[in-house]
2 protein chains.
Amino acid sequence: MAGREEVAFLGPIASYTHQAALNHFPDPHYTIVPQTTIADVFASVQSGAVSQGVVPFENSSNGSVIFTLDLFADLAGRNPDILVCGEVYLGVHHCLLGQHSTPEGQDGTARTPAEDVSGVSPPNKSRTKPLRDLKHITKLYSHHQAWGQCNDFLTTHLHGIERIDVSSTSKAAEIVRQDVAGCSAAISSRMAGELNGLDFLAENLEDNEGNSTRFLVLRRRDDGPSRPDGRAGAGGGEAETDDEHARYKTLVSFTVRHSEPGDLAGCLAVFQMYGLNLTSINSRPSNEATWHYIFFVEIMGRKRHDDSGAVNQALRQLDGVAQSWRWLGSWENALKA
Amino acid sequence: MAGREEVAFLGPIASYTHQAALNHFPDPHYTIVPQTTIADVFASVQSGAVSQGVVPFENSSNGSVIFTLDLFADLAGRNPDILVCGEVYLGVHHCLLGQHSTPEGQDGTARTPAEDVSGVSPPNKSRTKPLRDLKHITKLYSHHQAWGQCNDFLTTHLHGIERIDVSSTSKAAEIVRQDVAGCSAAISSRMAGELNGLDFLAENLEDNEGNSTRFLVLRRRDDGPSRPDGRAGAGGGEAETDDEHARYKTLVSFTVRHSEPGDLAGCLAVFQMYGLNLTSINSRPSNEATWHYIFFVEIMGRKRHDDSGAVNQALRQLDGVAQSWRWLGSWENALKA
């Protein structure tokens, strides 16, 4: 593909997925374009409208993103060529964004975090103190996943304040920017605060310091590696080492034959047989029949071009045990040990 | 326990969990009491305030109820004595509840489903037709899980109508009852429609005819079986048969040692080693460290009182492989094959 490549991400602008996309594709060679839903990101990669896509996969506090799993399950057969070719870990640090309590104080300097002015200490469960007085805040906007991640702060400093769910944390910041009364606040990202010119009333609201989200980078099956470092591709040719196993991850989905008891264990045993470390398991309704599931396993190692190696052998074996299965990609492990 | 036993369920009155509780405890010997959250049901069983509790566990279309899994994970150690002692499968059939378009027609007969009066057929993706004209409906209330389950009906018959998320489907019916203008409708249960005296504008809205939810019945570890048929208890003494395996289910949670690659597969292999059919797997963030998980497996068979039998042997073996594990109960399989 000559010239600029387009990369789709789950929007809007200033969403956490946008930050993940910017971290992974810092090169001006890429144009990154927001999409409204995770399904739109899959569709634009599948159709070839963009060369790659970025979607959220799991959060360290909230768990898996089931919309993404269901799109990988692809029961309607809309995304047959989607492969994972990379991952991005992003620390998720929520800010309380709004307007400083005294509207006349809202010059450019008002956005600089000030010292703690919250007065007497409340019964402090929260590891974070507000940077500004919060007495004027009567309404909070955020994505519903954020409330649970900021429980201690909200209980300690904004107890009983009305909460309104909106479609994304960046949408929340946009709504608060338009509030002329200045009595609402958003839980959103630093980037959304800067984009909307809002005051930072508090930072690092999340209960869990390690709160992070993992995003997956998608490409189409036909397309080769699009990064010079070959991050998107699967290897082959050379001898397989333990180091190679630790350097890569592979995602596989499968369904089991319900007529055969023990098939789920049989499918999982295949990976153990080839010494492949299983790092996660998820299941979702398969919808082919009530109470049937599709399973997703992530293993260390990669499927190789030349069909050598443990992952390739395990997948050949899986073919004899599973009712159906699909290799959903192999990519470089981005998690620092 | 003498006299009446109290059973807690996830309320409010006329919720699907309420129906599941009524199905499982039809005996007037039981008083069933609504709780506001799933956590409240766990807490009231743990404290002994009630003898049993009923909580939703998974829906055939939407998958696992993560709030219930997180309460079983019990990372804060609040529910150490909770055990599953039964399950209830309930077909979930959503109704569109509101007021008949002509308020003067609202006598007692208005609630009886009438023939199709929706006029010309819309582009009919939906398997269900309205029983009444829906032109006057300008606002819809329901629990957020219900929208996705009724997608075809909503797209075909109520496209573009404003949707408002509320805390439960029965709450939605209550709000609609209070709407004097009569322009709102709720997606809710038959029971909620009857309780609130609302008209049935359509029935069986769900896309998937088999749409059902599985509920679990909880008791405290100390308490013996509280039903004469011993449904809550684990057996022992007699020889174990294949039939016994098929008749019971067992839920186990475990965490793995992250220092040892392959431990997840090793834990799962234990169940296979003893011929136990693994029927489902779930994982949730364990929150002891970022990207560590707690796994939930369901197997056929039961843990026996006398420590004989395959489940008991597997659990002894699991103790040597898992970092931590917990038996969460054994109960009679209620799923008709």
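The values are calculated or read from the model by the stated rules, or taken from the named source; none is laboratory data. The structure presented is a predicted model; accordingly, all values stated were derived computationally and were not measured. Quick reminder, even Gly has a Cβ in these numbers, built from the backbone with ideal geometry, and neighbours come from all protein chains shown. Calculation scope for accessible area: heavy atoms of the full protein, side chains included, ligands and nucleic acids excluded. Shrake-Rupley method; radii C 1.70, N 1.55, O 1.52, S 1.80 Å.
Within the stretch B:14-33, the residues that satisfy the criterion of being assigned to a loop (DSSP other than H, G, I, E, B) and more than 19 Å from B:A49 (Cα to Cα) are B:A14, B:S15, B:P26, B:D27. With the structure loaded, tell me whether A:G320 is in a strand (DSSP E or B) and either open to solvent by 10 Å² or more (accessible area, probe 1.4 Å) or not charged (D, E, K, R) (or both) or whether it fails that test. The answer is no for A:G320. Looking at the stretch A:42-51, can you tell me whether even one residue there is touching a residue at least 40 places away in the same chain (Cβ under 8 Å) and assigned to a strand (DSSP E or B)? No, because not a single residue in the stretch A:42-51 is touching a residue at least 40 places away in the same chain (Cβ under 8 Å) and assigned to a strand (DSSP E or B).
For every residue, the table says whether it meets (1) part of a helix (DSSP H, G or I); (2) of a type outside the set (A, V, I, L, M); (3) surrounded by 18 or more Cβ atoms within 10 Å (Cβ to Cβ).
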| residue | (1), (2), (3) |
| --- | --- |
| A:W147 | yes, yes, no |
| A:T155 | yes, yes, no |
| A:V176 | yes, no, yes |
| A:D179 | no, yes, no |
| A:I187 | no, no, yes |
| A:M191 | yes, no, yes |
| A:L205 | no, no, yes |
| A:R219 | no, yes, yes |
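Residues that are within 14 Å of another protein chain (Cβ to nearest Cβ) and hydrophobic (A, V, I, L, M, F, W, C) within the stretch A:39-70 comprise A:A39, A:F57, A:V65, A:I66, A:F67, A:L69, listed in sequence order. Just one residue in the set B:A20, B:A8 is in contact (Cβ under 8 Å) with a residue 40 or more places away in the chain, under 12 Å from B:V217 (Cβ atoms) and under 13 Å from the mean Cα position of the chain (by Cα); that residue is B:A20. Which of the residues belonging to the stretch B:157-174 are open to solvent by 10 Å² or more (accessible area, probe 1.4 Å), touching a Leu at 6+ places or on another chain (Cβ under 8 Å) and more than 24 Å from A:H144 (Cα to Cα)? Matches in the stretch B:157-174: B:H157 only. Checking B:T68, B:T138, B:T37 one by one, the residue that is open to solvent by 40 Å² or more (accessible area, probe 1.4 Å), at pLDDT 90 or above and not assigned by TED's automatic domain parsing to the domain that holds B:G182 is B:T37 and no other. Among the conditions (1) touching a residue at least 40 places away in the same chain (Cβ under 8 Å); (2) surrounded by 17 or more Cβ atoms within 10 Å (Cβ to Cβ); (3) within 14 Å of chain A (Cβ to nearest Cβ), B:W331 misses just one, which is (3).
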